[in-house]
1. Can you tell me which residue among 274, 249 is out of contact with any Cys (no Cβ under 9 Å at 6 or more places or on another chain) and either at pLDDT below 85 or hydrophobic (A, V, I, L, M, F, W, C) (or both)?
2. Restrict the check to segment 225-237 and report whether at least one residue is over 30 Å from residue 112 (Cα atoms), at pLDDT below 90 and not in a loop (DSSP other than H, G, I, E, B).
3. Do you know which of the residues in segment 1-47 that are charged (D, E, K, R) and within 29 Å of residue 295 (Cα to Cα) is modelled with the highest pLDDT?
Amino acid sequence: MSLDYVKLATQSLKNAWEHKFLWLFGLFVAGSDFSGIFNLLGRVPSDRDFSRRMDFDFHDFRDLEDILPFGIDLKVILMLIAAAFLLWLFFLIMSFLSESALIQGISRKQLGQPVSFGECWSKGVDRFWRVLVVLVLVGLAMAIPIVFVILLLIPAFIVSPILGVVLLLLIVLPVIFAVIFVAESICAWGIRFAVLDDVQCFDAIGKGWQMLRENFGKTFGVALTTTIVQIVFGIACLIGILVIAIPFILIGLGSPVGAIVMGAPFLLIIIVVISAYIGLFKSSIWTIAYMQITGKAESATPATVDTGTISEGLDEIDSPA
């Protein structure tokens, strides 16, 4: 069976627009990485700062407050760090839950069956730990080869910076990209086995790996299609945001504060909607591909499913073991 990637992308984009009740889950899936927020809490001391404070006593809060930017109180910084960490943790937990919820909602829609927000939420809660274990174990496995090749790169840079750059471009980066592709593919397939086929987490990882091996070309095609669509969509959104921002820029010439007050909420709404749409699209394209490859799309109700959403020629399906 061959996948029609154009139809796959088109149907996924259509799903992301039509099923707006799933946007909340899409937002958490797309926006769970808030690790960069910690960089906003203060400047990083320079080498001169460290050398000047080698004898720093961390028990002396007055010294610690001296190196904080703008004289911000240490307690405020700690509270901001704690709040940022809790926010990141909340989004991370919700992203795990939302993965299962989106898969459930999209699969039911593809089968022409009714689905509600509550049903998707229940599925997300029920499959939370399986999704968590799959992502954590695959993530740890992915980290091992990446750390290994990076450690091998350090001596090369010490011997010769040119040698280090050559190894980085020819070996390290390709290895890292390959590992990320394999890990994300195993996660994508494994999570869908866990959610739709009620497979336990360890078996889901094994089936995800088998799915990747038996359908490597299709998996690569889905990943490439997803990446291309996101890049094109991102460029289009950036151009649209710049056009929309023109009135606020003109207002800012006369009143910068007024432009920020009016423009910031508007920009935030746009970013939230785009993130939710992209999150739903990514989940949709992998779920539809999973259903087509495994033959689950064949059981869809003909009267309620758009025939353009399912590739023709499903009689030769690469069924995973």
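1. 249
2. Yes, segment 225-237 has at least one match.
3. Taking segment 1-47 first, the residues charged (D, E, K, R) are 4, 7, 14, 18, 20, 33, 43, 47.
Within this subset, residues satisfying the condition of being within 29 Å of residue 295 (Cα to Cα) are 4, 7, 14, 18, 20.
On the way: 4: 82, 7: 88, 14: 85, 18: 79, 20: 77.
Applying the filter and picking the extreme gives 7.
The values are calculated or read from the model by the stated rules, or taken from the named source; none is laboratory data. These figures come from a predicted structure and were not determined experimentally. For neighbour counting, all protein chains shown are included, and Cβ atoms are generated from backbone atoms with ideal geometry for every residue, glycine included.
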